[in-house]
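**Student:** There's a structure below that I have some questions on.
The values are calculated or read from the model by the stated rules, or taken from the named source; none is laboratory data. Keep in mind that what you see is a predicted model, and the values were worked out from it rather than measured. Cβ placement follows ideal geometry from the backbone for every residue including glycine, while neighbour counts extend to all protein chains displayed.
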Amino acid sequence: MASERLEVLSASSFSLDALTVLFNRGFAGYLFPVHMTAERLSHRIRTEDVDLHASKIALKDGQPAGFALLARRGGRSRLAAMGVVAEARRQGVGRRLLEAILTDARNRPGGGDRELRLEVFEDNDAARSLYEGAGLQILRRLVGRTWRFPIASPGQLELHDTPSWNQVVSAEAMDLPWQLEAETLAVLGAPARVASLGGKAWALIYESSNAMLVLRGLYINPEHRRQHLATQLITAIAAMHPGHAIHFPPLFPESMGAAFFEHIGFQVDALNQVEMGITF
Ligand SMILES: CC(C)(COP(=O)(O)OP(=O)(O)OC[C@H]1O[C@@H](n2cnc3c(N)ncnc32)[C@H](O)[C@@H]1OP(=O)(O)O)[C@@H](O)C(=O)NCCC(=O)NCCS
């Protein structure tokens, strides 16, 4: 039998629907069920600055076997998602995809990217071992937190659309993971929205599903910290969403706001991520 052929090409040669099918096949048997839709994938591509031309598809004997989505902002890049179809795993497909992504990042016109980062669930041994083997190092732990039975206390909340998040955090330089950068949050659009208290305390409400309210941002203007405004803001948001738990997904650097979250009653989730990176 002729040896199997592995080709790596740009993901821009695939339709959004074909990419969606490959995404779901690549995430079969994942830590939790993944049901990507073309609409959600398009939303991720738009909000996370995924560059489809720089993203990769692997073909094994001419059949789609894996994908790697690459996001880019200036001289920084991020592996936004990658997956290999179950029947092609442990045959070097993931390694080839990652090599292609890293080679491109190093050799991009204008001197190449400065760094590449990604997030991976702590329990995903296969992916962590692949990334470590390629020279990526753990930068920090990203935790999720949930307040199951939040105290509700009505407050005078102002609601804004998501572009206002740009003004909220623009003054303070923060090293946040890609999905929490203002570039991501400001372009989310409805149903995401920004809630504030007196222009001093801000939260980004991402979505509400299954009696869970998901927040992606919490920011108190520096001059108004330690005045219980974060508590007032969260409890006022809880009052607007009776019966909902409040959840921050596992995207938040572990140390960020840790004392506040513990104090108010949030618990760290069971499934957390690490951010990994490599500089060139
Ligand atoms: C992670 C994943 C992409 C790896 O793809 P793959 O094609 O199977 O990986 P490769 O065959 O190229 O393996 C390269 C290296 O990765 C590591 N690796 C891959 N699968 C592994 C496993 N099941 N257990 C431990 N290490 C593993 C090994 O270091 C391996 O090198 P080795 O074979 O010399 O030991 C694949 O398992 C997958 O699609 N998982 C589901 C989706 C997912 O988790 N995506 C990553 C999200 S961050």
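**Student:** Condition (residue is under 30 Å from Leu188 (Cα atoms), more than 8 Å from the ligand (Cβ to nearest atom), out of contact with any helix residue (DSSP H, G or I) (no Cβ under 8 Å at 6 or more places or on another chain) and part of a helix (DSSP H, G or I)) applied to segment 141-151: is it met by at least one residue?
**Tutor:** Taking every residue of segment 141-151 in turn, none turns out to be under 30 Å from Leu188 (Cα atoms), more than 8 Å from the ligand (Cβ to nearest atom), out of contact with any helix residue (DSSP H, G or I) (no Cβ under 8 Å at 6 or more places or on another chain) and part of a helix (DSSP H, G or I).
**Student:** Additional query: Picking from Glu119, Glu132, which residue would you name as being within 13 Å of the ligand (Cβ to nearest atom), outside the structural domain of Gly29 (by TED's automatic domain parsing) and assigned to a helix (DSSP H, G or I)?
**Tutor:** After applying the criteria, what remains is Glu132.
**Student:** Test Arg40 against the stated conditions and say whether it is closer than 18 Å to Ala11 by Cα, more than 13 Å from the ligand (Cβ to nearest atom) and surrounded by fewer than 17 Cβ atoms within 10 Å (Cβ to Cβ).
**Tutor:** Taking the combined requirement at face value, the residue satisfies it.
**Student:** Name the residues in segment 61-93 that are closer than 16 Å to Val21 by Cα and within 10 Å of the ligand (Cβ to nearest atom), would you?
**Tutor:** Matches in segment 61-93: Ala65, Gly66, Phe67, Ala68, Ala81, Met82, Gly83, Val84, Val85, Ala86, Ala88.
**Student:** Going by the conditions given, is Trp178 within 22 Å of Arg72 (Cα to Cα) and in contact with a strand residue (DSSP E or B) (Cβ under 7 Å, 6 or more places away or on another chain)?
**Tutor:** Judged against the criteria, Trp178 is a match.
**Student:** Assuming Phe23 fulfils every condition listed in (1) in a helix (DSSP H, G or I); (2) within 12 Å of the ligand (Cβ to nearest atom); (3) over 17 Å from Glu119 (Cβ atoms) apart from one, which condition is it?
**Tutor:** (3)
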